[in-house]
Structure formats: structure tokens, C-alpha cells
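To keep things clear, I will list the structure first and then write my remarks on it.
The values are calculated or read from the model by the stated rules, or taken from the named source; none is laboratory data. Keep in mind it's a predicted model, so treat the numbers as computed, not measured. Here the Cβ positions follow ideal geometry from the backbone for every residue, glycine too, while neighbour counts run over all protein chains shown.
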Amino acid sequence: MIRRRIVGDYLVPAATLVGVLVAWEAATHAFRIPRFVMPAPSAILAEGWDWRYRFLGHAWVTLYETLGGFALSIVVGVPLAVLIVYSPTLKNALYPLIVLAQSVPKIAIAPVLLLMLGHGEIPKVIVAFLVAFFPVVVDTATGLAATPPELLDLSRSYRASAFKTFLKVRLPMAMPFFFAGAKVAITLSVIGAVVGEFVGSDKGLGYVILSATSYWKTELAFSSMILLSVMAIVLFGAVALVERLVCPWLAPAGEE
């Protein structure tokens, strides 16, 4: 059973990835694709290795902006979701504004924020927040509203206060929904930080991609994108790990 899980969870995805990279490498040589159009994986890895020390500084900036936007989405999104669930009036007033904020293209907001807040990391954090907070609000509100009425009636029969009912009943029931939104939000935060760096920045992985494509350094651009993907995967895994620690009852059967 354990061997089958290892094969299914690790070996098959790893073998698929290696196969794709081998086919990619072979195709670039067989069809003689120019390096500035589609570089070979070996060239991308070599360029990334050459840039390994410079990547550290740029990756830290993007990581800082990503985590800042994600943390802000939690701090703002969760209380907003609670207000939406407990107050129908606020729900009718705030939900259209939340949807409107989500529908506006963030690439259009970034230059405005740059003018308003000036040059630095703060506009990128705000863009990451604007991208990330929507799934946090919606999923948390959905989880709080999905509490079975029987549990609420039971808490009332025990004369539990509204705060204790929220803390002992609604919040635990909403945790799976919250973490579902958080896992989406953390990956969107990476996108938001990069979008902010595209508009105006002199550091960060988004800046490296923009500069590399301007000078036809496709290998460097691909290396930066791979590093961004790894960052998003690691952050997603970190949120999933926190979910397992906070909500151990969500572990599938046989994994406990």
C-alpha cells in the first residue's frame, strides 16, 4: 500500500516531468529552434545556475511582496467575511464592491497605485492583496454560512453565547473552506507581486523577466519563471501543511 502510494504520488509525476524535459530538449535540437525563441532546458538550467546568487536578492523581494499581500488578504478578508455572514445589510452593501474590485484588471490598477504610493514594495504588496483577498473572503463566508442549522440549534439549546457559537461551531466548520481559499490566494499573491513588478520596479523576479525579454535573454526569463513556479508550489505546500496541522480531521483515511 505504501509502495503504491509512493509510486502514484511521487514517481509518476517525476517521471512525467523528466519525460517532458527530455522531449523538449530533443525538439529544440531536432528542429533547430533559435535559443531566443525557445531555449533548451539545459540552457535554461545553465543560465539559472550562473544567476544563482543574483536570484537570491530578487527572489527575496518577490517573496516579501507575496507574503505581505497574502497576510493582508487574511487580515482584511476574514473579518470582512464574518461581517458579511452576520449582517445581511453589510452583505448587500459590500458584496457588489468586492466583486467590482475583483473584476478590475490588476494590470490597470498597478500604475495608479505606483502614482499614488510612490516607488517601492508597498504598491506591489497592495496589488498582491487585491488579487488574493477575493477567494479568502468568498470561501470563508461560504464556510461560515454553511454551518448546519442543527449545530446552531444545539448551541442555542445549551445557551451558548453568539461569540462561543462562532468560536466552537461556525469557525471549525468553516476552516476547510478558509484553507481552500487560502491555497488559491497564496498562488494568486505570487501573480499579483509579479504584475506589480512588471509595471514599475528595479528588483524582483518580475523585473528580471521584463528586463530579460527586453534584451532577448530568453534563458534568463525562463529561469525566472521556473523559480516563480517553485516559489508558488512551496508556498502552496506550506499552506497545505498548516491546514493539516490545524485541521487534522481533514486527513484522508489511511494517512493519519
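Please enumerate the residues belonging to segment 168-209 that are surrounded by fewer than 21 Cβ atoms within 10 Å (Cβ to Cβ), among the charged types (D, E, K, R) and touching a Gly at 6+ places or on another chain (Cβ under 8 Å).
Lys203, the sole residue that qualifies.
Is there a residue being out of contact with any Phe, Trp or Tyr (no Cβ under 8 Å at 6 or more places or on another chain) and under 23 Å from Ile233 (Cα atoms) anywhere in segment 77-97?
no
Are any of the residues in segment 235-254 crowded, with 17+ Cβ neighbours inside 10 Å and either hydroxyl-bearing (Ser, Thr, Tyr) or outside the structural domain of Lys106 (by TED's automatic domain parsing) (or both)?
no
Looking at the structure I just gave you, is Leu94 exposed (fewer than 10 other Cβ atoms within 10 Å of the Cβ) and within 30 Å of Val137 (Cβ to Cβ)?
no
Being assigned to a helix (DSSP H, G or I) and at pLDDT below 90: is that true of Val137 here?
Details: assigned to a helix (DSSP H, G or I): yes; at pLDDT below 90: no.
So Val137 does not fit the description; no.
Quick one: which helices (runs of 4 or more DSSP H) lie wholly within segment 159-237 and hold at least 3 residues that are more than 30 Å from Leu250 (Cβ to Cβ)?
Hits in segment 159-237: 171-199, 205-214.
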